[in-house]
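S.K.: Could you have a look at this structure, given as structure tokens, before my questions?
The values are calculated or read from the model by the stated rules, or taken from the named source; none is laboratory data. From a predicted model like this one, the values you see are computed outputs, not experimental measurements. Neighbour counts are summed over all protein chains in view; Cβ atoms, including those assigned to glycine, are modelled from backbone coordinates with ideal geometry.
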Amino acid sequence: MATESSESPPEAPDPTKKSRAGRNLPAALAVGFSLGISIILILLFVPKIWYGLVAVAFAVATWEVFKRLRDGGYQIAFWPLLVGGQAIIWAGWPWGTTGILTAFAGTVLVLMVWMLLANGIHRAPENYLHNLATSVFVLAWLPLLAAFGAHLVVQDQGAARVATLMVVVVCSDVGGYAFGVLFGKHPMVPAISPKKSWEGFVGSLVVGTSGAVGCVVFLLDTHWWIGMILGPVLVVCATLGDLVESQVKRDLGIKDMGTLLPGHGGIMDRLDSLLPSAFIVWAVLTALL
């Protein structure tokens, strides 16, 4: 008489389970693909909408960061950050970097006064320096760096410059993810981001630099060596930008800044590496083209 096997049948793979890199991979790929296609269509047919897209994204990101900081006990000035952040981004369209820096300085002045008088004239503000410094940090971290990314589109070959930013960052992310999953054994900065490895960083350098060379040659029609400069510098800055957000989230005791994008977290969780990268692409291409 046959006996039943004591072994349970193998479980079917669960598509909702996270990958070794800590993501819900199918959801992350679907969201990333959709965002990528949308940006490509915008750059091909209506590139100036890029300004509006950046402005909306950073309005949402400002709200996400504000909520997380508020929950963590920080008192920052939301409305000056939101309105001033929009002014910083949009001022770059007609007035370039002069407009961006003027709007930034003006918003800092507004923050100084706003937080000084937040409790009225008869009550001194609490933790004024601490909260003001945090507010100025958020202003510089989000809209100031984003403004340089938005400004790319109104420069010569603007759509190609924005595409270069997006392609190289994606290449850096893909290279880092693939090499990290396949070969990652040596943690880079385990105290800040345990999943980052030196092998993943090498993958980011290889794939990101290859993408940069391809972009400057085929999109910008210029010298290949510019890509050899842009690629490594951008990868290093993108990695550091990711680590900055990781440390902010570690300080706040949270995993993600938001939940808007399945498999990714919030808007801010997708912008962490793009923020310093936007400035680097603007600076390198402005200097060398």
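S.K.: Given the criteria in the same structural domain as A146 (by TED's automatic domain parsing), closer than 30 Å to T164 by Cα and surrounded by 18 or more Cβ atoms within 10 Å (Cβ to Cβ), does I76 qualify?
M.R.: For I76, the condition - in the same structural domain as A146 (by TED's automatic domain parsing), closer than 30 Å to T164 by Cα and surrounded by 18 or more Cβ atoms within 10 Å (Cβ to Cβ) - is not met.
S.K.: Can you name the number of the only condition in (1) crowded, with 16+ Cβ neighbours inside 10 Å; (2) modelled with pLDDT of 95 or more; (3) over 14 Å from the mean Cα position of the chain (by Cα) that G263 fails?
M.R.: Condition (2) is where G263 drops out.
S.K.: Also: From the residues in segment 194-206 that are in contact with a helix residue (DSSP H, G or I) (Cβ under 7 Å, 6 or more places away or on another chain) and part of a helix (DSSP H, G or I), which one is farthest from G253 (Cα to Cα)?
M.R.: For segment 194-206, the residue satisfying everything is V206.
For (1) touching an Asp or Glu at 6+ places or on another chain (Cβ under 9 Å); (2) modelled with pLDDT under 95, each residue gets a yes or a no:
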{"site": "P190", "(1), (2)": "no, yes"}
{"site": "V206", "(1), (2)": "no, no"}
{"site": "G211", "(1), (2)": "no, no"}
{"site": "W224", "(1), (2)": "no, no"}
{"site": "A238", "(1), (2)": "yes, yes"}
{"site": "S246", "(1), (2)": "yes, yes"}
{"site": "R270", "(1), (2)": "no, yes"}
{"site": "L285", "(1), (2)": "no, no"}
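S.K.: While we're here: Please indicate, with yes or no, whether at least one residue in segment 113-132 is touching a Gly at 6+ places or on another chain (Cβ under 9 Å) and not aromatic (F, W, Y).
M.R.: No: zero hits.
S.K.: Scan segment 146-193 for residues that are within 24 Å of A61 (Cβ to Cβ), of a type in the set (D, E) and not in a helix (DSSP H, G or I) and jot them down.
M.R.: Result: no residue meets the conditions.
S.K.: In segment 114-136, which residues are in a helix (DSSP H, G or I) and touching a helix residue (DSSP H, G or I) at 6+ places or on another chain (Cβ under 9 Å)?
M.R.: W114, M115, L116, Y128, N131, L132, T134, S135, V136
S.K.: Let me ask something else. Take segment 94-130 and flag every residue that is under 26 Å from D242 (Cβ atoms) and either buried (at least 20 other Cβ atoms within 10 Å of the Cβ) or touching a strand residue (DSSP E or B) at 6+ places or on another chain (Cβ under 7 Å) (or both).
M.R.: I100, F104, T107, listed by residue number.
S.K.: Now for a different question. Please go through segment 68-80 and give me each residue that is outside any loop (DSSP other than H, G, I, E, B) and in contact (Cβ under 8 Å) with a residue 60 or more places away in the chain, ordered by number.
M.R.: R68, L69, D71
S.K.: What are the residue pairs meeting all of these: first residue in segment 216-235, first residue in the same structural domain as I280 (by TED's automatic domain parsing) and assigned to a helix (DSSP H, G or I), second residue aromatic (F, W, Y) and crowded, with 16+ Cβ neighbours inside 10 Å, Cβ atoms under 9 Å, and 6 or more apart or on different chains?
M.R.: From residues that are in the same structural domain as I280 (by TED's automatic domain parsing) and assigned to a helix (DSSP H, G or I), the pairs are V235/F201.
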